[in-house]
Amino acid sequence: MVLWGPLLGALLLVVVGYLCLLGLLRQRRPQEPPLDKGPVPWLGHAMAFRKNMPEFLKRMRAKHGDVFTVQLGGQYFTFVMDPLSFSPILKDVKRKLDFVEYAEKLVLKVFGYQSVPGDHRMIHTASTKHLMGHGLEDLNKTMRDCLSLVILGPKGPSPDASSWREDGLFHFCYNVLFKAGYLSLFGYTKDSERDLLQAEELFTEFRKFDRLFPRFVYSLLGPREWLEVGRLQRLFHKTLSVKENLEKDGVSNWIAYMLQFLREQGVAPAMQDKFNFMMLWASQGNTGPTSFWALLFLLKHPEAMQALREEAARVLGEAQQSFNLDVSVLQRTPVLDSVMEETLRLGAAPTLLRVVHDDHVLTMASGEEYRLRNGDIVALFPYLSVHMDPDIHPEPTAFKYDRFLNPDGSRKVDFYKAGKKIRHYTMPWGSGVSMCPGRFLALSEMKLFVLLMITHFDLELVDPDTPVPPVDPQRWGFGTMQPSYEVRFRYRLRSPE
Ligand code: HEM
């Protein structure tokens with residue numbers, strides 16, 4: 001027994017020594033981007049990166065320029081910061097930059113889902129079929145009905161619905177969007193009361209997982225948190241199990257299509273449950289937080305709220321009185337579209353990652369060439385290099401509801417960097433092979449929610465002077481940001497005029 005201590009210590013030393021050596025041995029080769037291994041062997045810059053990703057990347061850009069390679073936890077990441085040079089990475093005609101390899105490892109760890117050949121392409125096929133075009137029209141109607149069920153309750157508005165009620169705005173938006181989104185996609189039964197209760201319970205557990213998520217991905221959980229994550233994973237696998245789904249009526253065609261593919265590939269039911277968990281996460285993790293920022297910006301900018309209410313009155317007309325609005329109006333709302341695009345510009349901060357296969361030469365817009373090394377990861381962080389670039393978006397930190405409107409009121413799509421028209425002027429949905437396949441549904445459901453809230457409710461902040469809260473720095477790189485504290489608000493159903 002006594003020998004185990006020194007033996008384990010020695011083993012640990014060998015492992016740590018080996019890992020450090022790997023880092024120490026790496027040298028920048030000719031034509032490679034500047035290499036910054038960071039202050040700590042193996043960990044590299046991981047601490048500074050996690051503490052505040054945009055600030056860290058700003059420092060690196062100031063030191064090294066638009067392309068640099070940094071070490072983060074033993075892995076080398078090459079960040080490309082010039083958006084005019086994104087196209088060759090996103091198009092990747094030579095197929096040397098791989099999204100799937102990285103994603104497969106991540107989803108196995110986080111959701112327990114083991115990929116099968118063709119599933120990534122299948123998700124995009126299913127989404128083109130059912131989350132766009134005609135499929136989307138049907139789903140929008142379901143989403144509208146589920147939103148009204150969640151907001152008004154199964155029996156419609158209660159007699160006291162026109163009295164003021166108070167809640168946290170973040171909690172309210174996330175809760176409503178989650179429940180409506182979950183019921184629309186994963187199905188409902190004839191018993192709406194029970195469905196709502198179950199969705200509420202699931203939301204509570206979802207938030208527990210959501211809070212642990214960033215540190216889980218970075219493997220930074222304490223022992224108790226590890227146990228909690230395991231419990232939550234099992235709970236989601238069970239609640240979303242294909243067996244439970246069989247009992248439901250309204251499972252969306254999107255989910256049904258994907259599960260059928262998995263069945264045909266011989267994927268075991270237990271693995272299909274894990275797939276469902278992954279889809280729940282992908283479909284519900286960002287719409288609630290984005291809707292929160294949208295409503296908060298509207299409440300903080302009365303001129304935006306007024307412009308939006310005017311647009312709503314114009315396109316909805318008499319129908320404004322009813323929750324049962326015609327979903328085709330969503331195609332005639334340029335002001336709301338601009339509000340959502342601006343909200344996503346300010347609030348969405350995903351990192352786009354690709355694994356380099358074989359050494360690969362990246363040609364920048366300037367004509368410079370950089371050799372990327374096999375096994376490294378190419379990373380884009382559009383929040384900093386696009387959304388916050390003052391050349392593309394003047395006064396980038398300000399919310400301007402009409403930033404994406406032309407003077408004639410049509411959608412603005414012309415943006416420039418260094419005098420050149422820029423294709424990727426916002427990238428909340430990522431781009432290329434991994435571009436969010438749910439983006440049209442996401443936009444419609446968030447737009448429906450905002451429209452219903454501003455036309456049917458009086459809304460106000462409990463403290464009108466409350467500032468827009470800073471974002472929670474843990475979540476940089478993971479999609480839509482969340483606030484670092486809650487904002488209280490009041491709402492009441494408007495009496496019909
Ligand atoms: C505001 C809401 C949303 C935002 C900001 C968002 C953003 C994103 C981003 C940035 C990615 C790419 C991740 C990467 O490159 O690694 C992504 C992927 C994905 N999103 Fe969304 N998303 C939203 C809503 C939705 C919804 C509503 C659905 C489904 C109904 C959905 C389904 C997916 C799926 C399945 C993927 C994985 C795609 C792949 O593996 O290629 N998302 N999303």
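The values are calculated or read from the model by the stated rules, or taken from the named source; none is laboratory data. This one's a predicted model, so the numbers in the text were calculated from it and none came from an experiment. Positions of Cβ are generated from backbone atoms using ideal geometry, with glycine treated the same way; all protein chains shown enter the neighbour counts. Ligands, DNA and RNA are stripped out before the accessible areas are found, and what is left, the full protein with its side chains, is counted by its heavy atoms. Shrake-Rupley method; radii C 1.70, N 1.55, O 1.52, S 1.80 Å.
Give a quick list of GluC sites (Glu not before Pro) in the stretch 200-288 that DSSP marks as loop, anything other than H, G, I, E or B, with at most 16 other Cβ atoms within 10 Å.
Glu247
With just the Cα atoms of the stretch 287-417, tell me how far they stretch along each of the three principal axes, in Å, largest first.
Taking max minus min along each principal axis of the Cα atoms, the stretch 287-417 gives 62, 29, 25 Å.
The stretch 135-152 to the stretch 367-436: how many Å between their Cα centroids?
31 Å
Using the structure shown, select from Lys179/Lys300; Lys63/Lys420; Lys58/Lys238; Lys96/Lys400 the pairs with a Cα to Cα distance greater than 32 angstrom.
Cα-Cα > 32 Å for Lys58/Lys238; Lys96/Lys400; rest within.
Which translational diffusion coefficient, to the nearest whole µm²/s, is obtained for the chain from the Stokes-Einstein equation, given a Kirkwood hydrodynamic radius over C-alpha pairs, 37 °C and 0.692 mPa s?
The Stokes-Einstein estimate is 134 µm²/s.
Mind checking the full-extension length gain between Arg29 and Arg211? Use 0.36 nm per residue of separation minus the Cα-Cα distance, one decimal, nm.
Fully extending the segment from Arg29 to Arg211 adds 61.5 nm.
Quick one: which residues, 5+ away or cross-chain, put their amide H under 5 Å from the amide H of Phe457? H built at 1.01 Å from N.
Close amide H contacts, sequence-distant or interchain: Arg494.
With each pseudo-label sitting 7 Å past Cα toward Cβ, what's the Asp472-Ala256 distance in nm, one decimal?
Rounded to a tenth, the inter-label distance reads 3.6 nm.
Please give the length that would be gained between Leu152 and Arg490 if that part of the chain were fully extended, namely 0.36 nm times their separation in residues minus their C-alpha to C-alpha distance (nm, one decimal).
Taking Leu152 through Arg490 to full extension adds about 120.1 nm, to one decimal.
Mind putting a number on the dipole of the chain about its Cα centre? Charges go on the C-beta only, +1 for Lys and Arg and -1 for Asp and Glu, and I need it in Debye to the nearest 20.
Result for the chain is approximately 1400 debye, rounded to the nearest 20.
Can you list residues whose amide H is under 5 Å from Leu405's amide H, if they're 5+ apart or on another chain and H is modeled 1.01 Å from N?
Here the answer is Lys412, since their amide H atoms fall under 5 Å of that of Leu405.
Modelled label-to-label distance, Glu264 and Asp463, 7 Å Cα→beta-carbon offset: nm?
Once both label points are built, they end up 5.7 nm from each other.
Need the C-alpha centroid separation for the stretch 101-133 versus the stretch 304-318, integer Å.
About 38 Å separates the Cα centre of the stretch 101-133 from the one of the stretch 304-318.
Got a sec? Charge dipole of the stretch 91-224, +1 on Cβ for Lys and Arg, -1 for Asp and Glu; which of Ser219, Asn140, Phe111 is way out at the positive end?
With unit charges placed on the Cβ atoms, the residue in question is Ser219.
In the stretch 23-111, if the dipole is taken from +1 on Lys/Arg beta carbons and -1 on Asp/Glu beta carbons about the Cα centre, which of Gln27, Val70, Leu97 is farthest to the positive end?
The Cα lying farthest towards the positive end belongs to Gln27.
Quote to one decimal, in nm, the extra length available between Leu221 and Val116 on full extension: 0.36 nm per residue of separation minus the C-alpha distance between them.
That pair, Leu221 and Val116, stretches by 35.0 nm at full extension.
Can you give me the solvent accessible area of Lys420 with a 1.4 Å probe, rounded to the nearest 10 Å²?
Probe radius 1.4 Å; accessible area of Lys420 about 110 Å².
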